[in-house]
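Participant: What follows is a single structure, and I will ask about it in a moment.
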Amino acid sequence: MTTANDFETGIREAEPSYVDIDSIDLRLGADSLVWKFYGDVRGVLGFQRLAGTENCIEQLAQGVEDHSVIFSDFLGRARRSGPPIMRTVYSDQPHEWGRRVRDFHRDIKGTISDGSRYHALNPELYYWAHATFVDQVLYITDTFIRRLSYEEKVQIFEESKTWYQLYGVSARSQPQTYEEFCAYWESMCDKFVPTRTILYATGYLRKGIPGPKWMPKPVWRVVGAPLDGFVRTVVVGTLPPQMRAVCELEWDEGKQRRFDRFAAFMRRINPLINRLPVRMLYLPWAVEGWQRSGVDPRPLHNTPTGSRA
């Protein structure tokens with residue numbers, strides 16, 4: 001596994017590093033846990049954890065600030081970024097979509113506050129972005145869908161290696177075991193800094209969700225109060241403590257108890273949610289994959305296999 005010092009050294013190389021995947025038959029399929037859980041609509045509960053943890057690392061946040069429209073079209077950027085990554089998992093052309101996602105990042109480079117360079121396709125930075133998606137599958141499933149066994153967490157991590165290979169970027173910084181991944185994740189969270197990108201993206205959690213322009217502000221303060229309460233408990237509750245700290249997001253034991261009750265409720269009703277039509281249970285790109293495979297995902301992997309983590 002890459003050590004903390006190796007990460008700091010590697011990321012400052014700021015050079016892309018590709019690998020040839022054309023000769024390898026790589027794909028995930030309907031028998032994988034990533035297929036079962038990644039495209040589940042409940043993943044939206046972790047959108048801020050996913051996007052936020054990415055952008056707490058300075059090099060990645062600077063790339064977003066320098067090369068995207070996050071400050072002028074926040075939701076539009078999310079809509080453009082998410083589908084190609086999901087198609088890398090669920091389409092029948094995973095190599096093509098993986099390369100397409102990679103090539104989106106070819107010209108994303110620049111410098112950070114200390115003057116050192118960054119490049120989006122530097123393996124240390126690119127793997128960090130991928131790791132946030134792996135974490136999303138693990139965390140959202142275990143928190144809001146059903147508890148995962150240790151063996152299932154290991155399986156998801158192992159499947160994530162294939163997922164990463166589809167991008168054709170060097171895996172030199174990739175942890176080799178699930179335990180190494182957990183240690184890597186914690187070490188990266190300890191590197192979080194309050195970037196301009198992440199402070200902007202979490203402003204609604206501190207200041208409240210802005211109401212529609214046509215609605216008087218005093219009315220919105222009343223109408224929007226329940227929604228603000230929800231996001232400040234459920235959305236903030238999904239965030240690692242290190243991210244709450246750098247984003248100056250309030251948290252206490254009372255909010256933690258409310259979050260835990262909500263998460264337990266979501267897991268309790270999973271058997272009911274799992275009866276929904278597939279087109280309501282999964283995002284559209286995942287639905288396409290399931291329909292093409294001819295497999296109904298709802299009966300699959302609904303009870304933990306192996307021991308609890």
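Participant: So what is Rg over Rh here for segment 197-285, counting just Cα atoms and using Kirkwood for Rh?
Facilitator: Radius of gyration over Kirkwood radius for segment 197-285 works out to 1.05.
Participant: Please check: in the Gaussian network model of the chain (C-alpha springs, under 10 Å), which one of 41, 234, 223 has the largest mean-square fluctuation.
Facilitator: For the chain, modelled as a Gaussian network with Cα springs under 10 Å, the answer is 223.
Participant: If you don't mind, another one. Going Cα to Cα from residue 207, which lysines come in below 27 Å? Please leave out same-chain ones fewer than 8 positions away.
Facilitator: 191, 217, 255
Participant: Distance in nm between label sites at residue 261 and residue 193, each 7 Å beyond Cα in the beta-carbon direction?
Facilitator: 4.0 nm
Participant: Tell me, 215, 243 in order of fewest to most beta-carbon neighbours within 10 Å? Let's see the in-between values first.
Facilitator: Details: 215 12, 243 22.
The fewest-first ordering by Cβ neighbours comes to 215, 243.
Participant: Let's see if you can work this out: charge +1 on each Lys and Arg Cβ, -1 on each Asp and Glu Cβ, no other charges. What is the dipole magnitude of segment 4-198 about its Cα centre, in debye to the nearest 20?
Facilitator: Computed about the Cα centre, the dipole is about 660 debye.
Participant: Quick one: among 295, 222, 101, which has the greatest mean-square fluctuation in a GNM of the chain with alpha-carbon springs under 10 angstrom?
Facilitator: Its mean-square fluctuation being the largest, the pick is 222.
Participant: Kindly give Rg over Rh for segment 4-198, based on alpha-carbon atoms, with the Kirkwood expression for the hydrodynamic radius.
Facilitator: Using only Cα positions, Rg/Rh for segment 4-198 is 0.93.
Participant: Please give me the summed charge of the neighbours of residue 174: other residues whose Cβ is under 11 Å from its Cβ, Lys and Arg +1, Asp and Glu -1.
Facilitator: 0
Participant: Can you list which of the GluC sites (Glu not before Pro) found in segment 226-281 are DSSP loop residues with at most 12 other C-beta atoms within 10 Å?
Facilitator: Passing both the DSSP loop test and the Cβ count: 248, 250.
Participant: Dimensions of segment 120-267 along principal axes (Cα, Å, largest first)?
Facilitator: 54, 35, 26
Participant: Using +1 on the beta carbon of Lys and Arg, -1 on that of Asp and Glu, and nothing else charged, what's the dipole of segment 217-309 about the Cα centre, debye to 20? Before the final figure, lay out the partial values.
Facilitator: Values: 15 positive and 8 negative charges, 58 e Å.
Charge dipole of segment 217-309: 280 debye, to the nearest 20.
Participant: Would you be so kind as to identify which of 245, 211, 291 lies farthest towards the positive end of the dipole of segment 192-309, taking Lys and Arg as +1 and Asp and Glu as -1 on Cβ and the Cα centre as origin?
Facilitator: My answer, from the dipole projection, is 211.
Any read-out appearing in this document is the output of simple, stated calculations on the displayed coordinates, not a laboratory observation. Being a predicted model, the structure only gives us computed values, none of them experimental. FYI the Cβ positions are ideal-geometry reconstructions off the backbone, even for glycines, and counts take in every protein chain you see.
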